[in-house]
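Working notes for the structure below.
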Protein chains: 2
Amino acid sequence: MIIDIHGHYTTAPKQFEDWRRRQIEALGNPSKPPLLVDYTITDDEIRESIEKNQLPIQRARGIDLTIFSPRAGGMAHHYGNAVTSEHWTVACNDMIHRVCTLYPDNYVGVCQLPQSPGVSPKNCIRELERCVRELGFIGCNLNPDPSDGYWTDPPLTDRYWYPLYEKMVELDVPAMVHVSMSCNPAFHGTGAHYLNGDTTAFMQFIQADLFKDFPTLKMIIPHGGGAVPYHWGRYRGLAQDMKRPPLTELLKNVYFDTCVYHKPGMELLLKIVPEDNVLFASEIVGAVKGIDPETGFHYDDTKRYIDEIDWLSAARRDKVYQGNAFKVYPRLKARLDKRAAVQR
Amino acid sequence: MIIDIHGHYTTAPKQFEDWRRRQIEALGNPSKPPLLVDYTITDDEIRESIEKNQLPIQRARGIDLTIFSPRAGGMAHHYGNAVTSEHWTVACNDMIHRVCTLYPDNYVGVCQLPQSPGVSPKNCIRELERCVRELGFIGCNLNPDPSDGYWTDPPLTDRYWYPLYEKMVELDVPAMVHVSMSCNPAFHGTGAHYLNGDTTAFMQFIQADLFKDFPTLKMIIPHGGGAVPYHWGRYRGLAQDMKRPPLTELLKNVYFDTCVYHKPGMELLLKIVPEDNVLFASEIVGAVKGIDPETGFHYDDTKRYIDEIDWLSAARRDKVYQGNAFKVYPRLKARLDKRAAVQR
């Protein structure tokens, strides 16, 4: 089984993003109540959005299952206030749930959280609980910068975040640390803010004792870990200079995905990061859409790079393609078992 | 000749940093005039600071010449105002000039700029001109984020920066795009802000036509280009999706240094970035000070990694070690010729 742990619903029906636009526009008139969900989206419209985009790509590449979450750039937690974020987040997660219900063999859900800059992450607990307990989701996306480009909230290791971590541990779900859009003109979204977010989070984890306080908490750093594997020597050296534990300690809790869009980068990732800490992912339909003229294949066809690495043993490959996903998302197996039972 | 293009004077005599601390403290009392330079540092003190630190390391590693600039983390442009920054910058550059005068065979200067958040880069022209024309410096360090962690100034491609670029072109000096300290608790300095700055700058260059407007402007992205070579496929794909020119166009103006602190990272850099665009550097005495227990050598002994790469031809190695430095810093040759003439 091949599991892609990082897919976003970037092709949701038009009226969905339209509503979001109107919700944001309505913020300009604070005397009015917030805009509640007023769109209708049929199952057929959802089917069309999936069957014309995500699913055929996934099938053509041999990906059996995608761990699926709302569009990351769309989370845009900086708009409005906590209520704005909650309404939008519930809507996004409900859409993911509908996709997972329509395609239970192909998608398992990961939720967006109703974060808002300066608002306690306690505020996310209710929605996380709803998504995991009621909708069968198996993880969440955690935005380390709800200001979307100005980094005004405390580091992820601050006690500010602890109430959310307590709930994650209780529910046994990991977080993918994933920023959203950038509203800072200095940072391009997918070309700078995303990778910076990954790099920043890893360094925050080096600096503090988060995983001493939460030994079973699991964090996935997407996009191949930002700059981290390329600068592994720098991080090993910094940890040493700062008298922090070696990176191997951190790897009990921190994982990387394989969203690296060329073979030499993928090789570096798999050479540097131990085999137990890399999870297959491609972030489709995602950040980079084109075909690489050098290979004739899509940049984001990450499975191809992995398949081409001849020094990667079958056992290691299997961990990357599925074994580590079952370990990092403990609720995944139960979810699939339940599905199998339904089918029997 | 082996040229390290990225060294900072991190070991300046104590009274120098003491004065800086007092200068910043004095900002707390706006009724008082800014604190002017009031320290005395003898040539012997400078010699000691260099001969106990930078120079023996350099010699042991076979580095002939270091392109030397003030401590990057110390630039700290966010403190005070433009006057604060100017006083501190002049003091820093004067210190570099003294080192270069005492050790003309080993150091050539690159200047700090008197940047200040929200203050036009026009303000930097006078000091750049003084350093290049009067002190014989051959380049400058350009901080893309004078706010030191909040990124409140426009992208480097904005016309805001153009007056400075006009002067750089006129003087024929490149800039190393180098952030300073981070006062944002989310960003560790050398472990996040530095690499994020590199990644961010490269993406800014992809997005705009800066080098159409300044075809001879040269920018060096340090720390191996942040996340860029590791994510080369992502950048190629983003440029393509955005209908921007291919990265090869950008490489007419953009260069990377070799401050990558492990061999697999260095191999990736030299495999991905064309040989004409990589300049040898180690950033001593710098970000990472320790000895790597896996190799028995210092993490920042970057020459060792390059020397160990057996597929790198002698011609390519020579470009990295010196050829590209003469190309990117056009004033370097004249500076060395002048020195040779003095010696004859």
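The values are calculated or read from the model by the stated rules, or taken from the named source; none is laboratory data. Being a predicted model, the structure only gives us computed values, none of them experimental. All Cβ positions, even for glycine, are placed from backbone atoms using ideal geometry, and neighbour counts span all protein chains on display.
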Search result, residues across the range B:66-81 that are surrounded by fewer than 19 Cβ atoms within 10 Å (Cβ to Cβ) and part of a helix (DSSP H, G or I): B:Gly74
Identify all residues within the range A:164-205 that are more than 10 Å from every other protein chain (Cβ to nearest Cβ) and in a loop (DSSP other than H, G, I, E, B); write none if there are none. A:Asp172, A:Val173, A:Pro174, A:His178, A:Val179, A:Ser180, A:Met181, A:Cys183
What's the number of the only condition in (1) part of a helix (DSSP H, G or I); (2) more than 18 Å from the chain's Cα centre (by Cα) that A:Gln58 fails to meet? (2)
Residue that is of a type in the set (A, V, I, L, M), closer than 24 Å to B:Arg21 by Cα and touching a His at 6+ places or on another chain (Cβ under 8 Å), where the choices are B:Met181, B:Met95, B:Met176: B:Met181
Output for the range B:1-33, where each listed residue is closer than 20 Å to B:Ala287 by Cα and out of contact with any Cys (no Cβ under 9 Å at 6 or more places or on another chain): B:Ile3, B:Asp4, B:Ile5, B:Gly7, B:His8, B:Thr10, B:Thr11, B:Pro13, B:Lys14, B:Glu17
Residues of the range B:289-305 being crowded, with 24+ Cβ neighbours inside 10 Å and of a type in the set (Val, Ile, Thr), which ones? B:Thr302
Condition check for B:Ser116: surrounded by 24 or more Cβ atoms within 10 Å (Cβ to Cβ), hydroxyl-bearing (Ser, Thr, Tyr) and more than 20 Å from B:Ile46 (Cβ to Cβ): yes
Selected residue [out of contact with any His (no Cβ under 8 Å at 6 or more places or on another chain), surrounded by 15 or more Cβ atoms within 10 Å (Cβ to Cβ) and assigned to a loop (DSSP other than H, G, I, E, B)] from B:Ile24, B:Ile46, B:Ile63: B:Ile63
Of (1) among the aliphatic types (A, V, I, L, M); (2) over 29 Å from B:Arg133 (Cα atoms); (3) in contact with a Gly (Cβ under 7 Å, 6 or more places away or on another chain), B:Val173 satisfies all except one. Which? (2)
Out of all the residues in the range A:206-225, is one or more under 19 Å from B:Gly265 (Cα atoms) and free of Cβ contacts under 8 Å to residues at least 40 places away in the same chain? no
For the range A:296-307, pairs from a residue that is within 10 Å of chain B (Cβ to nearest Cβ) to a residue that is in a helix (DSSP H, G or I) and surrounded by fewer than 20 Cβ atoms within 10 Å (Cβ to Cβ), with Cβ under 6 Å and 6 or more apart or across chains, are A:Tyr305/A:Lys263
If you scan the range B:49-62, which residues turn out to be under 16 Å from B:Thr11 (Cβ atoms) and touching a residue at least 12 places away in the same chain (Cβ under 8 Å)? B:Ser49, B:Ile50, B:Lys52, B:Asn53, B:Gln54, B:Leu55, B:Ile57, B:Gln58
Qualifying position, being farther than 28 Å from A:Asn53 by Cβ, at pLDDT 95 or above, within 14 Å of chain B (Cβ to nearest Cβ) and out of contact with any Gly (no Cβ under 8 Å at 6 or more places or on another chain), among A:Pro121, A:Pro117: A:Pro117
Somewhere in the range A:51-69, is a residue on the phi < 0 side of the Ramachandran plot and touching a Pro at 6+ places or on another chain (Cβ under 7 Å)? no
Hey, can you tell me all the residues within the range B:178-200 that are surrounded by fewer than 24 Cβ atoms within 10 Å (Cβ to Cβ) and within 17 Å of B:Gln112 (Cβ to Cβ)? B:Met181, B:Gly189
Pairs only if they're at least six apart or on different chains, beta carbon under 9 angstrom, first in the range B:124-137 and within 8 Å of B:Leu113 (Cα to Cα), second buried (at least 20 other Cβ atoms within 10 Å of the Cβ) and among the β-branched types (Val, Ile, Thr); list them, first residue then second. B:Cys124/B:Thr89; B:Glu127/B:Thr89; B:Leu128/B:Val173
Quick one: in the range B:219-235, of everything that is more than 8 Å from chain A (Cβ to nearest Cβ) and in contact with a Pro (Cβ under 9 Å, 6 or more places away or on another chain), which residue is nearest to A:Lys263 (Cα to Cα)? B:Ile220
So which helices (runs of 4 or more DSSP H) stay within the range A:294-344 end to end and still have 1 or more residues that are touching an Asp or Glu at 6+ places or on another chain (Cβ under 7 Å) and farther than 25 Å from A:His262 by Cα? A:331-343
Given the structure, is A:Glu283 farther than 22 Å from A:Thr248 by Cβ, within 13 Å of chain B (Cβ to nearest Cβ), over 16 Å from the mean Cα position of the chain (by Cα) and assigned to a loop (DSSP other than H, G, I, E, B)? no
Residue match in the range A:217-234 (condition: touching a Lys or Arg at 6+ places or on another chain (Cβ under 9 Å), surrounded by fewer than 22 Cβ atoms within 10 Å (Cβ to Cβ) and at pLDDT 95 or above): no
Looking across the range A:236-261 at residues that are at the interface with chain B (Cβ under 7 Å from one of its Cβ atoms) and crowded, with 24+ Cβ neighbours inside 10 Å, the single one that is nearest to A:Gly197 (Cα to Cα) is A:Val260
Subset of the range B:262-280 that is part of a loop (DSSP other than H, G, I, E, B) and away from chain A (no Cβ under 13 Å) - its residue that is nearest to the chain's Cα centre (by Cα): B:Phe280
Would you check which residues across the range B:138-163 are in a strand (DSSP E or B) and not hydrophobic (A, V, I, L, M, F, W, C) and list them? B:Asn141
